[in-house]
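*Asks:* For reference, the structure I am asking about is given below.
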Amino acid sequence: MRLMPFWKVLGFCFASASLVTAGDWPAFRGPNGDGTTDEKGLPIEWGPEQNIKWKTALPAPANSSPIVSNGRVFVTLAEERGHKRHLLCFDRNDGKMLWVKTVPYGKVADTHQTNPYCGSTPATDGERVVVWHGSAGMYCYDFDGEVLWSQQMGEFHHIWGYGSSPILHGDKVIQLCGPGVRTKLVAFRLSDGYILWETPEPGSTDSEAGRYKSTWSTPVVIDVNGQSQLLVAMPTRVVAYDPETGEVIWFVEGLSNERSDVSYTNPLVGDGIGAMLGGYGGPAIGFRLGGSGDMTGQNRLWRQAPESPRNPQRIGSGIVIGNHVFHANADAPGTIECFDLKTGEFRWTEPRREDGPHWGSMVHAVGRLYVTGQKGLTTVFAPNPDKFELLAENDLGERTNSTPAISDGEILLRTFEHLYCIAKE
């Protein structure tokens, strides 16, 4: 095992990359944007001295997650109270740093102590990597670290900071810009950053008399009757957009409640049915996909209204397997739950005091579910809708709010202190 300090940056680059290939984890929640992968041979057990292929020190914490493509691993982090926002590139094989690119930002932007700057995960097509730095702008680099283009979108204010990640769809970069009063969905042309369209979300706020109306979700690409659509969680509703024009195709209301209108998680999609779990103790809804305009009355199947005192805090995103949703909650001490996708009825809830709250999202591989809690313990369990079935507990002993990346039979996991590559010995 080798520990590499941040400042030992190598002064060379490798040949330019090819397109995304099998085994890549090119964006937040992987190649499909839903946390699932067909990867085989993943380790089920690890620890500080077990099944660690390499680890590399990081100079600052962040809630963003690693991505992997064509022999490189990318992560983001910030230093000096967000004045320096970095994209870091590491060698996939040994964890050596290849380069770091820094975007300066002259102001100290609002954020929450639990959400350090650079909460947004990068995305790549195997040749280019894009990163959203919030008010500091959108940047696109080649795999040698050269800036290809950038776009300044203005300032986005919220006392809890930012966290939505970019996704790539065809020749477009799709970014939910916000949160705050200027929340909007934006499409950039991947080749040069030209803004193809912008669609504002009306009614978004920073804080209104102590009430929050904001979203930190990441868009998901879905197929509805052979048509690609962008499914996005807004503060009070789930909205489907036309990726070519940015026009709203249909939406379902139901995320608003007396306490707040807040979305953190990504929408979850099964066979023709979606689910969205509101944040800050808000409701969850289940809905059919498709239609035109306001489909609340026709499409909404169920709504988990906030109970006394409230629903669990939901920040990370879960997994849909068959007709069931598996999800890990962010309340202390933390719980993992399973409920029916079609009805919203709970099958089971399991306390997880060993993990702490869960901010990272769940991943599914080789018939197992992996989720990492804030304390650095990754719970591996079976996707059994009848009961919680623990398979392994793996404790790195370092805090994290990130989601694992799966690549070529290995797990890339970022804590507040290190970037780990976990592999069978």
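The values are calculated or read from the model by the stated rules, or taken from the named source; none is laboratory data. Nothing here was measured: the structure is a model prediction, and the numbers come from that model. All Cβ positions, even for glycine, are placed from backbone atoms using ideal geometry, and neighbour counts span all protein chains on display.
*Asks:* What tally of residues in the range 252-283 results from selecting those that are part of a strand (DSSP E or B), within 18 Å of Lys213 (Cβ to Cβ), under 22 Å from the mean Cα position of the chain (by Cα) and not β-branched (Val, Ile, Thr)?
*Replies:* Qualifying residue count, the range 252-283: 4.
Yes/no matrix, rows are residues, columns are (1) polar (S, T, N, Q); (2) closer than 28 Å to Asp91 by Cβ; (3) in a loop (DSSP other than H, G, I, E, B):
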{"site": "Gly356", "(1), (2), (3)": "no, no, yes"}
{"site": "Gly360", "(1), (2), (3)": "no, yes, yes"}
{"site": "Lys375", "(1), (2), (3)": "no, no, yes"}
{"site": "Thr379", "(1), (2), (3)": "yes, no, no"}
{"site": "Pro385", "(1), (2), (3)": "no, no, yes"}
{"site": "Leu391", "(1), (2), (3)": "no, no, no"}
{"site": "Thr400", "(1), (2), (3)": "yes, yes, yes"}
{"site": "Leu413", "(1), (2), (3)": "no, yes, no"}
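*Asks:* Which residue is farthest from Ile67 (Cα to Cα), if the candidates are limited to the range 383-408 and must be touching a Leu at 6+ places or on another chain (Cβ under 6 Å) and of a type outside the set (D, E, K, R)?
*Replies:* Among them, the one singled out is Pro383.
*Asks:* Among the residues of the range 323-336, write down those that are closer than 25 Å to Gly272 by Cβ and modelled with pLDDT under 95.
*Replies:* none
*Asks:* Now, a different point. Kindly indicate whether any position in the range 306-320 is more than 17 Å from the chain's Cα centre (by Cα), modelled with pLDDT of 95 or more and surrounded by fewer than 22 Cβ atoms within 10 Å (Cβ to Cβ).
*Replies:* no
*Asks:* Still on this structure: Tally up the residues in the range 221-242 that are surrounded by 22 or more Cβ atoms within 10 Å (Cβ to Cβ) and touching a residue at least 60 places away in the same chain (Cβ under 8 Å), please.
*Replies:* Result for the range 221-242: 1.
*Asks:* Gln152 is checked against (1) crowded, with 20+ Cβ neighbours inside 10 Å; (2) farther than 28 Å from Gly360 by Cβ; (3) not aromatic (Phe, Trp, Tyr) and fails just one. What number does that condition carry?
*Replies:* (1)
*Asks:* Sort out which residues of the range 225-261 are in contact with a helix residue (DSSP H, G or I) (Cβ under 6 Å, 6 or more places away or on another chain) and either among the basic types (Lys, Arg) or farther than 19 Å from Thr205 by Cβ (or both), and write them in order of number.
*Replies:* Keep residues of the range 225-261 that are in contact with a helix residue (DSSP H, G or I) (Cβ under 6 Å, 6 or more places away or on another chain), which gives 252-253.
Of everything in the range 225-261, just one residue is in contact with a helix residue (DSSP H, G or I) (Cβ under 6 Å, 6 or more places away or on another chain) and either among the basic types (Lys, Arg) or farther than 19 Å from Thr205 by Cβ (or both), namely Val252.
*Asks:* Can Val363 be described as in contact with a Cys (Cβ under 8 Å, 6 or more places away or on another chain) and either under 29 Å from Glu398 (Cβ atoms) or modelled with pLDDT of 95 or more (or both)?
*Replies:* The answer is no for Val363.
*Asks:* Inside the range 84-169, counting only strands (runs of 3 or more DSSP E) that do not spill past its ends, which hold 2 or more residues that are under 24 Å from Val220 (Cα atoms) and touching a Pro at 6+ places or on another chain (Cβ under 7 Å)?
*Replies:* Answer list for the range 84-169: 128-132, 167-169.
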